[in-house]
Amino acid sequence: MSDNENTQNESVFSKILRAGRRTYFFDVRATRANDYYLTLTESVKTTNPDGSFFYKKFKIFLYKEDFSKFLEFFKETTQFVIDNKGTEVISANHKSDFKHENKTKKSNKSTDPIDESLKTLNFEDL
């Protein structure tokens with residue numbers, strides 16, 4: 001293997017965020033031209049029916065020319081979540097007394113703008 005091919009796979013800088021069963025890896029890697037790009041990897045510990053476990057990994061490659069728009073969209077969408085749902089985790093897995101509630105607020109729109117098929121979209125579907 002040449003030095004260039006080896007450099008392409010090596011991480012130049014890394015940060016790891018452990019979050020329960022999920023781990024997020026932020027890795028800066030070098031291109032063949034020795035420019036940098038970012039890989040974001042989500043690793044989820046998953047259990048097989050026999051009790052053994054394995055890790056599912058999902059990876060996004062983010063290039064410098066997309067950083068500013070990505071950051072802008074990331075900030076906007078995370079702020080939307082916080083503004084509409086706050087920072088408290090609302091999940092059947094996190095609260096033993098969690099009950100699904102139908103919103104009783106009246107909406108200005110007569111129909112839900114989010115297609116039903118998108119409400120169940122998972123990261124694995126991408």
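All of the numbers you see were taken from the coordinates with simple rules; none came from a lab. Here the structure is a predicted model, which means the values were calculated and not measured. Backbone-built Cβ (ideal geometry, glycine too); neighbour counts: all protein chains shown.
Taken about its Cα centre, the range 3-98 carries a charge dipole of about 300 debye when Lys and Arg each add +1 at the Cβ and Asp and Glu each add -1 at the Cβ.
Annotation: the residues L17, L40, sorted from fewest to most other C-beta atoms within 10 Å of their own C-beta, follow the order L17, L40.
Please list, in order, the residues from the range 38-67 whose amide nitrogen is less than 17 Å from a point placed 7 Å along the Cα→Cβ vector of V28. Correct set: 38-41, 61-67.
Extension gain, I90 to V12, is 24.4 nm, computed as 0.36 nm per intervening residue step minus the present C-alpha separation. Spatially close Lys pairs in the range 3-98, defined by Cα atoms under 22 Å apart and a spacing of eight or more places or different chains, total 16. Taking amide H positions as modeled 1.01 Å from N, with prolines and chain starts lacking one, the residues under 5 Å from T31 and 5 or more places away or on another chain are Y36, Y37. Using only the Cα atoms of the range 3-98, build the gyration tensor, take square roots of its eigenvalues as a ≥ b ≥ c, and label the shape rounded, prolate or oblate: rounded if a/c is under 1.5, else prolate if a/b is larger than b/c, else oblate. Verdict is oblate for the range 3-98. A simple rule links phi to the HN-Hα coupling: the Karplus curve 6.51 cos²θ - 1.76 cosθ + 1.60 with θ = phi - 60°, which for the range 62-69 gives 10, 9, 3, 5, 9, 3, 5, 5 Hz, with x for Gly and Pro. Taken along the Cα-to-beta-carbon direction at a fixed 7 Å, the label points for F67 and F80 span 2.5 nm.
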